[in-house]
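See structure below.
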Amino acid sequence: MSRDFSQHSWSPQIAEDLRRIVRLAVFEDLDRGQDWTTICLVPEKATARANIVARKPGVIAGVPAVPVILDEMEIEAEYHPQLQDGDAVPAGAVVARLSGPARDLLTSERIILNILGRLSGVATLTRQYVEAISGTKARIYDTRKTIPSWRRLDKYAVHCGGGHNHRTGLYDAILIKDNHLAFGREGQVNRSYSPAEAVRMARGFLAQQTAAESTPGSPDPAMLLEIEVDSLDQLRGVLPENPDIILLDNMSPDQLRQAVQIRNSSRSTAELEASGGITLQNIRAIAETGIDRISIGAVTHSTPALDLALDWE
């Protein structure tokens, strides 16, 4: 495997992203008021114990998120996870146990379940794609098609599901897409770049950054360079420039198989990435073409939440 994008494990940065989300979630639920249903029915001093339970089978992600949620909501509750992120669970499995003030547990219930359900849903769908290509050389990657403000959390959940993380944002890699090429030289659409020209320009740009490498905000001269092509002719033209990754957009399995043969015969070290129109039904055929990477927006933009519930002991 060649160089890769940064992969997301749980980190202080992810925890800080989560805190921002929790603050918004609290405002959505409480505005500037209170949980009046709980206050009118539950005694102030009451304590309780509850389990977070998986209603359906899936893959768990977000176990480290719960203490962050409780801390951000200033809830003094005991939290005892029973599973680890990445664990596959059957329906009925206890994910974690909580104990503490009953009012606080009820007020935080939906926020905790929404966040754990979202992350576990992403991990569950990712695992399905990973298992569908088991035994091939291909690897599953996410995309930037994430919920705004959830980027690192979504990518963390993909990692929990056994997938790989593509670039985090526009700042950490160069990915030349068709619209970059089509915009053309100085904005003249009738003078578009060829993929090879664009790669040469990007390589030259990065080479000029070496002296500025330590300057805050300057580009990393070693960042990955990827380019999108939509035909085998474009692939042939760009291979001599040896980009790190070549994204093959919306190609059929037969075209992908030809692309792998063309790359291999050129002795290029570029990895080939399939993208576009990929489903659980056709991904096996795509992976068996010999492709290196498969990027799938659906694992973050179309995933259903895993059904989790809070049950009183």
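Select from SER295, SER266, SER120 the residue whose mean-square fluctuation is largest in a Gaussian network model of the chain (Cα-Cα springs shorter than 10 Å).
SER266
Highest GNM mean-square fluctuation, the chain, Cα pairs closer than 10 Å: which of VAL122, VAL59, VAL94?
VAL94
Residue-wise, which Karplus ³J(HN,Hα) couplings in Hz belong to region 195-203, taking 6.51 cos²θ - 1.76 cosθ + 1.60, θ = phi - 60°, and x for glycine or proline?
Running phi through 6.51 cos²θ - 1.76 cosθ + 1.60 with θ = phi - 60° gives x, 5, 4, 5, 5, 4, 5, 5, 4 Hz.
May I ask you to list the residues of region 1-16 whose amide nitrogen lies under 11 Å from a point 7 Å from Cα along the Cα→beta-carbon direction of LYS137?
Zone members listed by number: 1-2.
Would you grab the residues whose amide H sits under 5 Å from the one on GLU271? Only those 5+ places off in sequence or on another chain, please, with H modelled 1.01 Å from N.
Hits under the 5 Å cutoff: ILE245, ILE246.
Pull up the cross-link candidates among the aspartates and glutamates for LYS155, meaning alpha carbon to alpha carbon under 16 Å and not fewer than 8 places away within one chain.
Those aspartates and glutamates meeting the cut-off are ASP4, GLU16, ASP17, ASP85, ASP142, ASP172.
Which residue, LEU272, LEU170, LEU18, has the most motion in a Gaussian network model of the chain that connects Cα atoms within less than 10 Å?
Its mean-square fluctuation being the largest, the pick is LEU170.
List the residues, sorted by chain then number, that are 5 or more residues from ALA48 or on another chain and whose placed amide H is less than 5 Å from its amide H.
Counting only residues 5 or more places away or on other chains, the set is GLY100, ALA102.
Using the heavy atoms of the protein chains and a 1.4 angstrom probe, tell me the accessible area per residue for the chain in square angstrom.
Heavy-atom accessible area per residue stands at 49 Å².
In terms of the Cα gyration tensor, with a ≥ b ≥ c the square roots of its eigenvalues, is region 38-87 rounded because a/c is under 1.5, prolate because a/b exceeds b/c, or oblate?
Prolate, because a/c is 1.5 or more and a/b exceeds b/c.
Specify the angular offset, from 0 to 90 degrees and rounded to the nearest 10, of the alpha carbon long axis of helix 12-30 from the longest principal axis of the alpha carbons in the chain.
Approximately 50 degrees, to the nearest 10.
Rounded to the nearest percent, how much of the accessible area of region 188-298 (1.4 Å probe, protein heavy atoms only) is carbon and sulfur?
Carbon and sulfur: 48 percent of the exposed surface of region 188-298.
With θ taken as phi - 60° and the coefficients 6.51, -1.76 and 1.60, list the Karplus ³J(HN,Hα) couplings across region 286-303 in order, rounded to whole Hz; mark glycine and proline as x.
Each residue's phi maps through the Karplus curve to give 5, 5, 6, 6, x, 5, 8, 9, 9, 9, 9, x, 4, 5, 10, 9, 10, 8 Hz.
Name the shape class, rounded, prolate or oblate, that the alpha-carbon gyration tensor gives for region 26-135, where a ≥ b ≥ c are the square roots of its eigenvalues, rounded holds for a/c under 1.5, and otherwise prolate holds if a/b is larger than b/c and oblate otherwise.
Cα axes put region 26-135 in the prolate bin.
List the residues, sorted by chain then number, that are 5 or more residues from GLY58 or on another chain and whose placed amide H is less than 5 Å from its amide H.
VAL89
The values are calculated or read from the model by the stated rules, or taken from the named source; none is laboratory data. Just so we're clear, the structure is a prediction, and the values are computed from it rather than from any experiment. In this analysis, Cβ positions are derived from the backbone assuming ideal geometry, glycine residues included, and neighbour counts consider all displayed protein chains. Keep in mind that these areas ignore ligands, DNA and RNA; they rest on the heavy atoms of the full protein, side chains included. Shrake-Rupley method; radii C 1.70, N 1.55, O 1.52, S 1.80 Å.
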